[in-house]
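Please read through the structure below; I'll follow up with questions.
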Amino acid sequence: MIPYGRHDINQADIDAVVNVLQSDWLTQGPMVPRFELAIAQKVGAKHVVAVNSATSALHIACLALNLGPGDWLWTSPNTFVASANCGLYCGAKVDFVDIDPSTYNMSVETLTKKLEQAEQLGVLPKVVVPVHFAGQSCDMARIHALSQRYGFKVIEDASHAIGGMYRNELIGNCRYSDITVFSFHPVKIITSGEGGVVLTNDSCLAEKMAMLRSHGITRDTNHFSRPTQGSWYYEQQLLGYNYRMTDIQAALGISQLDRLDEFVVRRNQIAARYNELLAGQPMRLPVVLEEGYSSFHLYVVRLHLDKIKGSHREVFEGLRAAGIGVNLHYIPVHQQPFYQKLGFKGDECPNAEQYYAEAISLPMFPALTEQQQVNVASCLAGILRA
Ligand SMILES: *Cc1c(COP(=O)(O)O)cnc(C)c1O
């Protein structure tokens, strides 16, 4: 089976991990701060805090922005459940802003209308989480302008998008947001096994998130609320968690970061080749906007169901049966049973629902070969003709 995504580990990655295993520190050693600095320098953010997953990153980002009971978090329905769950972890309520039918990102027009209505009802969101779907940035300048007008905070869920660009700058510099999150799960652009980071240009938010990552504890004498009682002394000032990244993970992350540009270039080549191979087929190919450069975490096609005989499901299962590990990103979050129990009917975001009925993610990872791409395209074309 050709998988839909796959990590790419070389000898340098392996050596980096082995070096840590032979060192004095498996966790809380020198590698995590080194990884944080490397990411900060790469994407141009002032502060980076590494954690054990992007899910943890989203959670501490929400906490740092004081999201809590009585507040609203809005995100895209076309995302992994973690982008919404982080709001629920904090006791906030969650709502969804439907997607743009061509980029599959949160629609800024829909967001604008929803904000106008929410203002009248007095239920504006405290936090909005745009998700850079498949590695293409949302329209951050306009979302930022809305955040100024309506007073909400912005967390970019850039789990798909490290290495991508918006208006000629790398995603992650937080020019248009309070906090950005990257994921280093093996299926994402670069990996640390499991892992994630929060990025911010605000030193207070960074400090708070660094504490939340490790039980709410600080060892920084400048931040103690009382005089120190000795060199052993530390203070727990917040209710935090153990969301720490290990040095083993950070070492892998540092090594993988060296290959980020190479990976993203390769992903763009693969996307361009799929575009050639699939041109003229009854499907919509990915649209990349002028102002962006996608990291192409995913390559999603959207079937024109009125122009083919089989159903979406038949095409999907046909590909799987032929050894092509296609996937579907995403089941709209508001249609998950857990969210339906919270009161969503499942028909609140028609564009995301229509998209879900037509989308298929084709295999996309740096080591995918020309021959495999040709096979995927001809197999898909064959199924659509049948
Ligand atoms: C993968 C992913 C996450 C969660 O990342 P983890 O590191 O696995 O916790 C969150 N949001 C989106 C959009 C993702 O794709």
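Of all residues in the range 1-26, how many are more than 28 Å from HIS297 (Cβ to Cβ) and touching a residue at least 40 places away in the same chain (Cβ under 8 Å)?
Of the residues in that region, 5 qualify.
Let me ask something else. Any chance the range 182-199 includes a residue that's assigned to a loop (DSSP other than H, G, I, E, B), away from the ligand (no atom under 16 Å from the Cβ) and either closer than 21 Å to LEU65 by Cα or touching a residue at least 40 places away in the same chain (Cβ under 8 Å) (or both)?
No, the range 182-199 contains no residue that is assigned to a loop (DSSP other than H, G, I, E, B), away from the ligand (no atom under 16 Å from the Cβ) and either closer than 21 Å to LEU65 by Cα or touching a residue at least 40 places away in the same chain (Cβ under 8 Å) (or both).
Please enumerate the residues belonging to the range 235-276 that are crowded, with 17+ Cβ neighbours inside 10 Å, over 19 Å from GLY196 (Cβ atoms) and of a type in the set (A, V, I, L, M, F, W, C).
Once the filter is applied, which keeps residues that are crowded, with 17+ Cβ neighbours inside 10 Å, over 19 Å from GLY196 (Cβ atoms) and of a type in the set (A, V, I, L, M, F, W, C), the range 235-276 yields ILE270, ALA271.
VAL154 - would you say it is within 25 Å of GLN340 (Cα to Cα) and part of a strand (DSSP E or B)?
In short, no.
Separate question: Quickly run through the range 67-76 and pick out the residues that are within 10 Å of the ligand (Cβ to nearest atom) and part of a loop (DSSP other than H, G, I, E, B).
Result: SER76, single match.
Taking the range 240-296 only, how many residues are in contact with a Leu (Cβ under 7 Å, 6 or more places away or on another chain) and among the hydrophobic types (A, V, I, L, M, F, W, C)?
5
Would you check which residues across the range 94-110 are more than 24 Å from LEU298 (Cα to Cα) and among the hydrophobic types (A, V, I, L, M, F, W, C) and list them?
The answer is VAL94, and nothing else.
Out of everything in the range 1-60 that is in contact with a Phe, Trp or Tyr (Cβ under 6 Å, 6 or more places away or on another chain) and more than 30 Å from VAL127 (Cα to Cα), what residue ends up being nearest to the ligand (Cβ to nearest atom)?
GLY5
Name the one entry in THR55, THR79, THR110 that is modelled with pLDDT of 95 or more, assigned to a loop (DSSP other than H, G, I, E, B) and buried (at least 16 other Cβ atoms within 10 Å of the Cβ).
Selected residue: THR79, the only one of THR55, THR79, THR110 that is modelled with pLDDT of 95 or more, assigned to a loop (DSSP other than H, G, I, E, B) and buried (at least 16 other Cβ atoms within 10 Å of the Cβ).
Continuing with the same structure: Suppose we keep only residues that are under 23 Å from the mean Cα position of the chain (by Cα) and either of a type in the set (Lys, Arg) or farther than 25 Å from HIS329 by Cα (or both) within the range 115-128. Which one would you say is surrounded by the most Cβ atoms within 10 Å (Cβ to Cβ)?
PRO125
A further question follows. In the range 213-221, is there at least one residue being closer than 30 Å to THR369 by Cβ, surrounded by 15 or more Cβ atoms within 10 Å (Cβ to Cβ) and either basic (Lys, Arg) or within 16 Å of the ligand (Cβ to nearest atom) (or both)?
no
Assess whether ALA64 counts as being buried (at least 24 other Cβ atoms within 10 Å of the Cβ) and within 15 Å of the ligand (Cβ to nearest atom).
no
Return the total of residues in the range 318-358 being buried (at least 20 other Cβ atoms within 10 Å of the Cβ) and over 22 Å from the mean Cα position of the chain (by Cα).
Count: 3.
Condition check: of a type outside the set (Asp, Glu), in contact with a Leu (Cβ under 8 Å, 6 or more places away or on another chain) and surrounded by fewer than 17 Cβ atoms within 10 Å (Cβ to Cβ). Does SER361 satisfy that?
So SER361 does not fit the description; no.
The values are calculated or read from the model by the stated rules, or taken from the named source; none is laboratory data. What you are looking at is a predicted structure, and each value in this text was computed from that prediction instead of being measured. In this analysis, Cβ positions are derived from the backbone assuming ideal geometry, glycine residues included, and neighbour counts consider all displayed protein chains.
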